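Engineer: My questions all concern the structure below.
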Amino acid sequence: MAQSIQTFVIADDEAILVMDLRMKLQQRGYEVVASVHRGDRVVETVREHSPDCLLLDVRLQGEQTGTEVARELRGFTDIPIVFITGYSSADIEEEVRAIANTALLHKPFSPPELDRAIETLTGEG
């Protein structure tokens, strides 16, 4: 069954990218309910805002990585997660594949690539 995605939380430590992602999502009719820059704030923010989807950088400020945050989230939610990364490595791809209900985008990515990642998670792609 396809899941409808309307709201997002963005977790990335690059302020310019967060602003760009917010704009791109809003242009597509989505609502960005919050953004965070530190890994240790993501779980709290997801609990507080209950978004339909999370855009999560693999490497964030703070002690937790994006994949560590995602594994913690899986303890209480199956929220779809679109991982974003500027790094390309087999280790990162393997870590992401091991977490259910996720997609991976490599920076820089185009709006159609973002759309496809979201569609993949909703079962519409």
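Nothing in this text is a laboratory measurement; each read-out follows from the coordinates by a stated rule. Small disclaimer: the values here were computed from a predicted structure and weren't measured. Counting neighbours? That spans all protein chains shown, and the Cβs are built from the backbone with ideal geometry, glycine included.
Engineer: With a cap of 12 neighbouring Cβ atoms within 10 Å, and only residues DSSP puts in a loop, list the trypsin sites (Lys or Arg not before Pro) found in the stretch 1-70.
Structural biologist: Details: sites: Arg22, Lys24, Arg28, Arg38, Arg41, Arg47, Arg59; in loops: Arg28, Arg59.
Counting only loop positions with at most 12 other Cβ atoms within 10 Å, the trypsin sites (Lys or Arg not before Pro) in the stretch 1-70 are Arg28.
Engineer: Related question: Please turn the phi angles of the stretch 4-12 into ³J(HN,Hα) values with the Karplus equation 6.51 cos²θ - 1.76 cosθ + 1.60 (θ = phi - 60°), one per residue in order, whole Hz, x for glycine and proline.
Structural biologist: 7, 10, 10, 10, 10, 10, 10, 10, 7
Engineer: Counting only DSSP beta bridges with both residues in the chain, what percent are antiparallel, rounded to the nearest 5?
Structural biologist: Here the antiparallel bridges make up roughly 0 percent for the chain.
Engineer: Mind giving me the FRET efficiency for Gln6 and Lys107? R0 is 25 Å, r the Cβ-Cβ distance, nearest 0.05 is fine.
Structural biologist: So, using R0 = 25 Å, E works out to roughly 0.55.
Engineer: Hey, another quick one. In the set (i) 7.6; (ii) 9.2; (iii) 6.9, which value of mean projected area of the Cα convex hull in nm² was calculated from the structure you see?
Structural biologist: Derived directly from the coordinates: (iii).
Engineer: Which value in deg cm²/dmol, rounded to the nearest 500, describes the helix-derived mean residue ellipticity at 222 nm for the chain, given -39,500 (n - 2.57) per DSSP H run of n ≥ 4 and division by the residue count?
Structural biologist: It comes out at -12500 deg cm²/dmol, rounded to the nearest 500.
Engineer: Taking K and R as +1 and D and E as -1, what net charge do the other residues with C-beta under 13 Å from the C-beta of Ala34 add up to?
Structural biologist: Values: positive: Arg22, Arg38, Arg41, Arg47; negative: Asp12, Glu31, Glu44, Glu48, Asp52.
Once positives and negatives cancel, what remains is -1.
Engineer: Could I ask something else about it? Would you calculate the separation in nanometres between label points at Asp115 and Gln26, each defined as 7 Å from the Cα along the Cα-to-beta-carbon direction?
Structural biologist: 2.0
Engineer: Still on this structure, please answer the following. Longest span of the chain, sites excluded, free of chymotrypsin sites (Phe, Trp or Tyr not before Pro) in DSSP loop with at most 12 other C-beta atoms within 10 Å?
Structural biologist: Between the exposed loop sites, the longest stretch runs 1-75.
Engineer: Here's something else I'd like to know. Which whole-number percent is the relative contact order of the chain (Cα, under 8 Å, 6+ apart)?
Structural biologist: Relative contact order of the chain: 24 percent.
Engineer: Using Cβ counts within 10 Å as a stand-in for footprinting exposure, how do Leu21, Leu104, Leu56 rank, fewest first?
Structural biologist: Leu104, Leu21, Leu56
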